[in-house]
Amino acid sequence: FTGKLCAEYLMSRSTLPGGDYANLRWACSARNQTKAEELLKSLAEASNASPPQVLPADLLCETPEDESKLRDIVKSTKVVLTCSGPFELYGKKLVQMCAEEGVHYADVTGETDFFREMISTYDEKARETGACIICHCGNDCIPSDLTVLELNNYAKSKGLELKEVQTYAEYGEGASWSGGTLKTAAYQLGKDRKKMD
């Protein structure tokens, strides 16, 4: 779901003449190449763009060949943006490779166990190689964060100080969770918390 939105955004921006993304070179990596190619083709037709190359990869890296293929993809780029959760299951090897290869990384995880582990495990290596590793990039906090920022700016403009904010979300009847979010919730709920530090 989120990956589709990112691809749609990049394609629509890359077709703007003289725009920021006019010279953007990007590729998409997917577990199912055929499905990804079909989706990207339909998005490209809708935005009058050319679909990117699809590079098949398995983020679980169950074989040395899988790991080599993923590392080659990481080494061929400057930035990795991933939307494939649960990140604790699919993201660890990717973060490791980005840190080791000096490639910038961003994801949309909300899994605090995952990003705490990635920071403690790979922060030093990422600093050595110059990789910027950003877990929890946006997620669902952006609307709340921007609301608080605007409230704070408004309070300051009136000579006041914002001391506390409580936000609430209400979802309409048609609201639903994406498959990745549901899979992440099931994965997190299935973990044995008693065994965790």
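Of Ala131, Ala126, which residue is open to solvent by less than 70 Å² (accessible area, probe 1.4 Å), modelled with pLDDT of 95 or more and part of a loop (DSSP other than H, G, I, E, B)?
Exactly one of Ala131, Ala126 is open to solvent by less than 70 Å² (accessible area, probe 1.4 Å), modelled with pLDDT of 95 or more and part of a loop (DSSP other than H, G, I, E, B), namely Ala131.
Can we say Leu94 is out of contact with any helix residue (DSSP H, G or I) (no Cβ under 9 Å at 6 or more places or on another chain) and open to solvent by less than 90 Å² (accessible area, probe 1.4 Å)?
No.
Can you confirm whether Thr147 is part of a loop (DSSP other than H, G, I, E, B), free of Cβ contacts under 8 Å to residues at least 40 places away in the same chain and either open to solvent by 70 Å² or more (accessible area, probe 1.4 Å) or more than 19 Å from Tyr90 (Cβ to Cβ) (or both)?
Taking the combined requirement at face value, the residue does not satisfy it.
Going by what's in this entry, would Lys78 be described as closer than 18 Å to Cys135 by Cα and touching a strand residue (DSSP E or B) at 6+ places or on another chain (Cβ under 7 Å)?
It is true that Lys78 is closer than 18 Å to Cys135 by Cα and touching a strand residue (DSSP E or B) at 6+ places or on another chain (Cβ under 7 Å).
Taking segment 154-190 as the search range and keeping residues that are surrounded by 10 or more Cβ atoms within 10 Å (Cβ to Cβ) and among the aromatic types (Phe, Trp, Tyr), which one is farthest from Ser144 (Cα to Cα)?
The selected residue is Tyr187.
Out of the residues in segment 48-91 that are in a strand (DSSP E or B) and open to solvent by less than 60 Å² (accessible area, probe 1.4 Å), which is nearest to Gln188 (Cα to Cα)?
Here the answer is Thr82.
The values are calculated or read from the model by the stated rules, or taken from the named source; none is laboratory data. Computed from a prediction, not measured in an experiment: that's the story for all the values here. Because the Cβ atoms are built from the backbone with ideal geometry, glycine has one as well, and the counts that use them run over all protein chains shown. Areas reflect the complete protein model, heavy atoms only, side chains present, ligands, DNA and RNA absent. Shrake-Rupley method; radii C 1.70, N 1.55, O 1.52, S 1.80 Å.
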